[in-house]
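In what follows, a single structure is set out as structure tokens and then discussed.
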């Protein structure tokens, strides 16, 4: 789920990282899979147009302007909707604009005021946004307990992101005693609402038997849903499940495009597995040049593989050089980001 950019701080993740094997005829140890994604406590809720019953021209114009990027107009129209009609959704939108500095100078204290007003009138998006601010101390002192209450209130009103973040707090083990079963319940709520992070988190629970009975088929189903929503780690893990036939019918051909997509999106694990597949010619014609490219890219990202080191070393010089040339743009781009 992609929201307006906001706070990116993450809560500590409590679950251990387990290794995922890819069935290949080599002895190299498979890299560990990534942990569950951290919470994404964005300050900005997803702007929603007023309901038909409470809609008015100013609020409609405000949300339309926001969606088109006309933030000054959005601010003016939302202010008018609040002053003239006390529109709750417009209050939330003003909080978004202040918290993100869109059309106005960023002012966390004012954002807290607007989110508090809208949340007190039952707006779940405002509750969620206010919880995120209280979690990290923006606009008011940090108050994780208050943030958790706000997440719970928003979750009861059907906010998927709030349910997901509350579930992560139950895994964090600091504010509440660690409770995998409760976390699984909350992840399921968010998952059923289509929240990809929650689908991925719940899939790992089913895969490992944490908080729910171990069920590889259910894990694969959830991974497939999250992968379809472009969740990067889910794409990698679902590709591995397809390749190995874990919880789903084995299908190496269907796994390969997912590995390629995730590799191009920057997953070092996918890059490593794609390199192995292309080097060994598993389910696809061997391609030593592409295998070399992806191995070098993954290796730069910290995924070492002695078997692939030996594979590249034994290539003909022209193949190795071609792979190095193909990897160079990727390596240069990584260097630029560091």
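Determine the equivalent ellipsoid of the stretch 143-220 by diagonalising the alpha-carbon gyration tensor, then write out the semi-axes as square roots of 5 times the eigenvalues, largest first, rounded to whole Å.
Rounded to whole Å, the semi-axes are 21, 14, 8.
At a 10 angstrom cut-off on C-beta neighbours, averaged per residue, how do the peptides 186-194, 87-95, 173-181 rank from highest to lowest? Before the final figure, lay out each step's value.
On the way: 186-194: 21.8, 87-95: 27.2, 173-181: 13.3.
In decreasing order of mean packing, 186-194, 87-95, 173-181 become 87-95, 186-194, 173-181.
Sticking with the crude label model, points 7 Å out along Cα→Cβ, report the distance from residue 331 to residue 254 in nm, one decimal please.
3.7
Ratio to report: Rg/Rh of the stretch 57-113, with Cα atoms as the point set and Rh obtained by the Kirkwood method; give two decimals. Could the numbers behind the result be given before it?
Working: Rg = 10.0 Å, Rh = 10.6 Å.
On the Cα set of the stretch 57-113, Rg over Rh gives 0.94.
Short version: what are the Cα gyration tensor semi-axes of the stretch 183-253, square root of 5 times each eigenvalue, largest first, in whole Å?
19, 14, 8
If the stretch 89-248 were replaced by its equivalent ellipsoid, with semi-axes equal to the square roots of 5 times the Cα gyration tensor eigenvalues, what would those be, largest first, whole Å?
Those come to 33, 17, 12 Å.
At a 10 Å Cβ-Cβ cut-off, how would you order 116, 292, fewest neighbours first?
Working: 116 19, 292 26.
Ascending number of Cβ neighbours within 10 Å: 116, 292.
In what order do 289, 96, 312 fall by count of nearby beta-carbon atoms within 10 Å, going from fewest to most?
Ordered by Cβ neighbours within 10 Å, fewest first: 289, 312, 96.
Any chance you could list P(r) for the stretch 267-338, counting all Cα-Cα pairs in 5 angstrom bins from zero, rounded to whole %?
In order of increasing distance, the bins hold 3, 20, 29, 27, 15, 5, 1, 0 percent.
If one puts a single equal scatterer on every Cα of the stretch 196-338 and applies the Debye formula without solvent, what log₁₀ I(q)/I(0) results at q = 0.14, 0.18, 0.20, 0.22 Å⁻¹?
Once normalised to I(0) and log-transformed, intensities are -0.68, -0.98, -1.11, -1.23.
Of all the Cα-Cα pairs you can form in the stretch 63-176, what percent are over 16 Å apart?
Pairs farther apart than 16 Å: 58 percent.
Under the Kirkwood approximation applied to all pairs of distinct alpha-carbon atoms, what is the hydrodynamic radius of the stretch 235-278 in Å? All intermediate terms of the calculation are to be shown ahead of the outcome.
Details: mean 1/r = 0.1014 Å⁻¹.
When all Cα pairs of the stretch 235-278 are included, the Kirkwood radius is 9.9 Å.
With a 10 Å Cβ neighbour count serving as the proxy for reagent exposure, in which order, fewest first, do 318, 146 appear?
Listed from fewest to most nearby Cβ atoms, that is 318, 146.
Only Cα pairs under 8 Å and at least 6 apart count here; give the relative contact order of the stretch 267-338 as a rounded whole percent.
32
I'd like the distance separating the alpha-carbon centroids of the stretch 60-112 and the stretch 211-233, in whole Å.
37
Each value in this text was obtained by applying a stated rule to the coordinates, not by laboratory testing. Since the model is a prediction, treat every value here as computed from it, not as a measurement. In this analysis, Cβ positions are derived from the backbone assuming ideal geometry, glycine residues included, and neighbour counts consider all displayed protein chains.
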